[in-house]
Every structure is written in C-alpha cells, then in structure tokens.
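To start, the structure under review is shown below, and the notes come after it.
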Amino acid sequence: MRHSINNVSDIDQACSLPAMSTPQNSPQYSAVDKVPDDTLLEIFHHLLAPPGIALQDSDTWVPVTLSHVCSSWRCLTLVSPLLWTNIFLPSFSDPDILRQYLTRSIDALLRVDITTPITSMPDALVRTLSNQTYRFISFHLYDVYADTVERVLPFFTSPAPVLRSLHIHPFLQAWVETVFDNQMPLLTDMEIFGGGDEDNGPMLGRKNLTRLRVCMDYVEAEKLVNLLRACPTLESLDLSFRGLDSDDDLRRPGGIPMIPLKFLKELHMDWPGVTDMTIFPYLSFPTTITVKIGYFAHELEEPVTPVLRNCASLREMVSDVKKATLELSQRLPNYKCISTIRSPHLEIEVYSYRTDLEDREFTGFSAMPFPALSHLTIRDMGCSFPEHQWHRMFQRIPTITHLEICAKDAITLAILRVIGTDTSGAETVLCPELTHLVLSGEVDERQAICEELLSCCLARAAAGAPAISCEIVLEARDEILAPVLVRLNEIGVRITVRHTNPVLIQVE
C-alpha cells in the first residue's frame, strides 16, 4: 500500500512526540529498550531491500515508519544517513519531501528506481534528483513507453562517478552519449531493454562491466560485437533479441575473430522464439561456467542446431556431461510443452506447441551430441510425447548405461517398448550399453509395467544386449507381481523392489 505523505509536515509529524524517560522497573518498560543503538541500526538496515533487488514503495518509507515509533527511534533514524538512501521516485509527489530525504542521507550513496507512472511526475521532482548524480550508486529507469523515458533521460546528463548499476527499459541508443555524460567509470552492471536498429549511435560498453543483459527487438551485428569486445571482464551475460541485422559476416564461417570472455561465469540465451543465436559460435568462454539456452522446437533444424554445434566452447562443455536429467512439463494446456535437459552446469530448454509434437524433435539432445552421457533421469511433470519421439531421442544417446524413469504409466510403458525394440528394423536395440534401470514414478498399472519390462528384457537379451539390473519403486508390496518378477529373475534380470511406504507392507 502506498503511503499518503504529500508534504513536509507529514514526514516531520513525529517531531511532536515527547521525549521518553521511562524507568526500567515500570510496567511500560520494554525489553527492546535494552538493545544497543548499533544493534538496532543493524536491524533497521536489514529492513531495506538488499542490493540487486528492485526497490518497492515500501522500501522508501521504512525510515519514516521507524521514526514514528518513538522519540528514541526517531533520533536514531535521523542520525543514520543510510536509512534514507532508497529513492523510489513514484512514492513522492512533492519535491520538498524528496529534498528531506536527500538532506537526511547527507553524503551517502543513493539507490534510485524510477518507474511507472513516470508521466505523473513533476519535472521539479526529477530535476531535484538529477542534481545528485554524483551520489548515485544505482540508477534503474523502467517504463513501458519510450516517449516517457525520453522525457526523463535528458535530466540526467551530469557525470555519475560512483555508479555501479544502470538499468534502462526501454533504452534509447540516441541518448547513449548523453546519459550521465557517458562518464560512469565504475559501472559494473548494465541492463538494456528495448530499442531497435532504427536507433543511431553505438551501444554502450564498459571495460569494467561484470554483468550485462541485452534484450532488444533487433540489433545490428556490428554494434553487438563491438559491445561484447568492449566488456572483456564480463562474468554474467544474458542476450535476448529477435534478430541481428547486417549479420552476413557472422553467418559466414570464420567471418569475425572470436570474442574472448575468459572471466564469464554464466551465460543465458533462453528466451524461446526471441533470441537469434548467430553470435554464439564466436563466443569463447570457460567450460566450467553455467549455460542456459532456450528455443522453440521448430528452430532445431535451422538455425539453432548448426549454430550451437559450431560453438567450440559449448561442444567441449557438453562433451564432459556424464549425468543429466530430462524434465517434461506443460505450462499452458494445449499450448506449450517444455523439455529441459539439466546437468550441473548446463540447461537446454525446448518449447513445443502441441501441434509440433508429431513432427518435431522435442529435446536438446537433437541440438547437441552428448558423447559421454551415461546416466539419464527422466522426470514427467505433466507433458507426454508420442512413442516415435522417444525412439528418436534414444537414438541420439546410445552411451546410456543408467536410466531412471520417474513418470506416469503411459510414458514408462512407451519408453520400455522403445528400448526393447527397434522400430527401424535393425537387429540391435537402442541404448545397447544399458545395464541399470530404475522405475520410480507413480505406478498404477503395475502388472502392465512389469509385463512390458519382461518383454523389453527378453527382446534385449535376444539382441545380445547385456543383462539389466532393475530397481522398481512401489508404494507397497503387491503379490500379483510375483510371477512376473520370478520370470525376470529366470532370464538373468536382477530385480530389486523398494517400497516407499513401509507402513503399507503386508506382513505374512
């Protein structure tokens, strides 16, 4: 709820509170009165939004609320400049209130967030704040409309010598040379949203940047390349844009020199249907970083697959993946299915429209080879795929030795049929090195699954595949499964049945 402090008398009304001098043996005495001032201040500071978290209206009014509790707390807040440094501009409607905050913060560094409704802000309010740019440690400007951002940016043309974080949504490249007079020597974190190839001027780059997020409709390839080359110390990079203009050099093998990002720790290009990944093969980064990639299934053939496979750093990174989880989920009914490959440092997310499922490959295994993958867990979180799609997927990961299926009956049955037979007519089975199988999903059709498991093992044995050690996780014992389990043991399948709910186990 937004506070209704609209004039200076409101913010100072606590001045009329009488001084408190209560004896410690009085019934009114509170234990909090024994807390030292420095401890109280530490508690007060923890009420403020931490760095990196967007400010809200409530963050601005924390010191006002504290100063209205009692006279001793008021005195404490008034001599604590850091409590008055969160400036969430929509919270103010009077420049005089803002001046009170600026005065009480003395010379402490300011966190400034300006967001909608920008159009309702008086110019005098923005002008008052713009005189303090030498104290800005972060400046975040968010609005839906470019014209309202364009109204505010001209006020902030003075240098910001201690600014660390700059977020502008939408960013107007026409103002790139004038925002803070382009003098932000300590800038380490930048987010640029909006704008397109119709904007003029270079994209803002800084040699000390450690975090960069670029989300635009269209970007000129040369500008993006120059931007990344100007930020050699990046640790976090997030790129999302619909397309790169004038990217002929990027699409030609060896078209530009590699862009070294040797300090990078995380790379995100995971806005499906939005990000043009043409730049990917030219990024050189450590193989120990965290990478998250997302795209639609219809992009697998072109342009995603060749682009990803041409990235040497990503190839080397994927070549070491030995253990991964495939998660299947559906976020909107009949709209999007999502398959996500997760490994310790890599996440590949593929979005599929329901109409894509018959014809499109639906996992990131289609985009990148995983030559060392030996352990795969499949988790069903509400999305199913046709049987022939499972066949395609397992064809691409023949090195699997350990497979865990944590899924509903339909998916478990489909996978057992697929790894037990080869519908292409070949003599060999899929996943010829598979030796360990775990079935740990919600098993309702236990009889059907065990019988399908028996058929799968018989088919694999006939094709010369090694025997499987199988673990079946059930809620309770089920004597109806005994004949099937005995038959599995007879053909050399080592069976372990684990029960998740011992209370339900029947005692003979």
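Laboratory data are not the source of any read-out in this text; all were calculated from the coordinates shown. None of the values given here were measured: they were computed from a predicted structure. So basically every Cβ, Gly included, is an ideal-geometry build from the backbone, and we count neighbours across all protein chains shown.
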What ³J(HN,Hα) values, in whole Hz, does the Karplus curve 6.51 cos²θ - 1.76 cosθ + 1.60 give for segment 98-109 when θ = phi - 60°, with x put for Gly and Pro?
4, 4, 4, 4, 5, 5, 6, 7, 6, 10, 5, 6
Contour minus end-to-end for Leu47 and Gln395, with contour as 0.36 nm per residue of separation and end-to-end as the Cα-Cα distance?
119.8 nm
Given R₀ = 35 Å, what would the calculated FRET efficiency be for Ile256 paired with His345, taking r from the Cβ atoms and rounding to 0.05?
0.85
Excluding same-chain residues fewer than 8 positions from Lys323, which lysines have a Cα within less than 28 Å of its Cα?
Lys262, Lys265, Lys292, Lys336, Lys408
Diffusion coefficient in µm²/s returned for segment 367-458 by Stokes-Einstein, Kirkwood Rh over C-alpha pairs, 10 °C and 1.306 mPa s, is 118 µm²/s
Assign one of three labels to segment 361-406, namely rounded, prolate or oblate, based on the Cα gyration tensor with a ≥ b ≥ c the square roots of its eigenvalues; rounded applies when a/c is under 1.5, prolate when it is not and a/b is larger than b/c, and oblate otherwise.
oblate
Note, ³J(HN,Hα) from phi for segment 123-132, Karplus 6.51, -1.76, 1.60, rounded to Hz, x at Gly and Pro:
4, 4, 5, 5, 5, 4, 5, 5, 6, 10
